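Remarks on the structure that follows.
The values are calculated or read from the model by the stated rules, or taken from the named source; none is laboratory data. Keep in mind that what you see is a predicted model, and the values were worked out from it rather than measured. Virtual Cβ from ideal backbone geometry, glycine too; neighbours counted across all protein chains shown.
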Amino acid sequence: MPLIVFDLDGTLIDSRLDLAESTNEMLESYGAPPRPIDDVAGMVGEGAKKLVQRALSASGLDPAEPDALDRFLAIYDRRLLRHTLPYAGIPDVLRAAAARAPLAVLSNKPEAPTRRLLDAFELTGFFAWIVGGDSSFPRKPDPSSLQYLMRAAGVTPESTLFVGDSMIDVETARAAGVRMSVVLYGFGGLRGDLVLTPSEATAPDVPALEAAIDGFLAGLSG
């Protein structure tokens, strides 16, 4: 049986603007000017704490500012659904994939906002498992959470596909020994650190992702 695991931000949903505007509101509360949207989006990927630290440091502020994380989380909770939407075509991709394999979400975003977003877009029902960054496992790129999902599904690394948009996701897949499909329509590549091997397929758009999933499933059944 196959398993398909998806990252959330930049893979299933376009949360770039809400994350950036929330970060900038946090920075402005300390008297710093807002940063460019893509600049902030390039800081996303290893959880809110890292995002806040990077934004503070880039703005010449103390990255250990004690209240900054709580400030950001409160702002982002308010802004969570202001602009964020699934990428066009993603609900159909999930619907088709869920009919052929169990699906999971593995995100460094905490579980509560992850579920809130999935619920808002009526995507939750497609997933057998949802693991957030505040679970009992270390955050990606540590492979423990992905390995847990494989155990829960009763599958091997060879029959698991991980879909994500950043080197953090790539490193997670490599550490767990699973297949990887890197979507290029998200914002995980804004840091400019995507360095892939020939076996790590890329999907420049959502139709290409759908084709990659079809190819993965066909290869297992063949």
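Consider the stretch 130-148. How many of its residues are within 16 Å of SER166 (Cβ to Cβ) and part of a loop (DSSP other than H, G, I, E, B)? Looking only at that region, the number is 6.
Of the helices (runs of 4 or more DSSP H) lying entirely inside the stretch 1-109, those containing at least 1 residues that are more than 19 Å from PRO141 (Cβ to Cβ) and modelled with pLDDT of 95 or more span 16-29, 48-58, 68-79, 90-98.
The lone criterion from (1) of a type outside the set (Phe, Trp, Tyr); (2) surrounded by 14 or more Cβ atoms within 10 Å (Cβ to Cβ); (3) on the phi > 0 side of the Ramachandran plot; (4) not assigned by TED's automatic domain parsing to the domain that holds ARG191 left unmet by ALA41 is number (3). For the stretch 51-77, a tally of residues being surrounded by fewer than 16 Cβ atoms within 10 Å (Cβ to Cβ) and without any contact (Cβ under 8 Å) to a residue 12 or more places away in the chain returns 8. Mind checking whether some residue in the stretch 4-26 is exposed (fewer than 14 other Cβ atoms within 10 Å of the Cβ) and not assigned by TED's automatic domain parsing to the domain that holds ASP205? Scanning the stretch 4-26 turns up no residue that is exposed (fewer than 14 other Cβ atoms within 10 Å of the Cβ) and not assigned by TED's automatic domain parsing to the domain that holds ASP205.
Per-residue answers, yes or no, for (1) among the aromatic types (Phe, Trp, Tyr); (2) closer than 15 Å to ASP14 by Cβ; (3) surrounded by 15 or more Cβ atoms within 10 Å (Cβ to Cβ); (4) in contact (Cβ under 8 Å) with a residue 60 or more places away in the chain:
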| site | (1), (2), (3), (4) |
| --- | --- |
| ARG82 | no, yes, no, yes |
| ILE90 | no, yes, yes, yes |
| ARG95 | no, no, no, no |
| LEU103 | no, no, yes, yes |
| LEU106 | no, no, yes, yes |
| PHE121 | yes, yes, yes, yes |
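Quick grid of which residues meet (1) in contact with a strand residue (DSSP E or B) (Cβ under 6 Å, 6 or more places away or on another chain); (2) part of a helix (DSSP H, G or I); (3) closer than 23 Å to PRO138 by Cβ:
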residue: ILE168; (1), (2), (3): no, yes, yes
residue: ALA173; (1), (2), (3): yes, yes, yes
residue: GLY192; (1), (2), (3): no, no, no
residue: THR197; (1), (2), (3): no, no, no
residue: THR202; (1), (2), (3): yes, no, no
residue: PHE216; (1), (2), (3): yes, yes, no
residue: GLY219; (1), (2), (3): no, yes, no
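Quick check: is even one residue across the stretch 177-191 over 25 Å from VAL40 (Cβ atoms), modelled with pLDDT of 95 or more and either outside the structural domain of PRO91 (by TED's automatic domain parsing) or among the hydroxyl-bearing types (Ser, Thr, Tyr) (or both)? Taking every residue of the stretch 177-191 in turn, at least one turns out to be over 25 Å from VAL40 (Cβ atoms), modelled with pLDDT of 95 or more and either outside the structural domain of PRO91 (by TED's automatic domain parsing) or among the hydroxyl-bearing types (Ser, Thr, Tyr) (or both). PHE187 meets the stated requirement of being touching a residue at least 40 places away in the same chain (Cβ under 8 Å) and over 18 Å from ILE4 (Cα atoms).
Among the residues that make up the stretch 71-83, is at least one of them on the phi > 0 side of the Ramachandran plot and not assigned by TED's automatic domain parsing to the domain that holds ASP169? The answer is no, given that none of the residues of the stretch 71-83 is on the phi > 0 side of the Ramachandran plot and not assigned by TED's automatic domain parsing to the domain that holds ASP169. In the condition set (1) in a loop (DSSP other than H, G, I, E, B); (2) at pLDDT below 95, VAL155 is compliant with all but (2).
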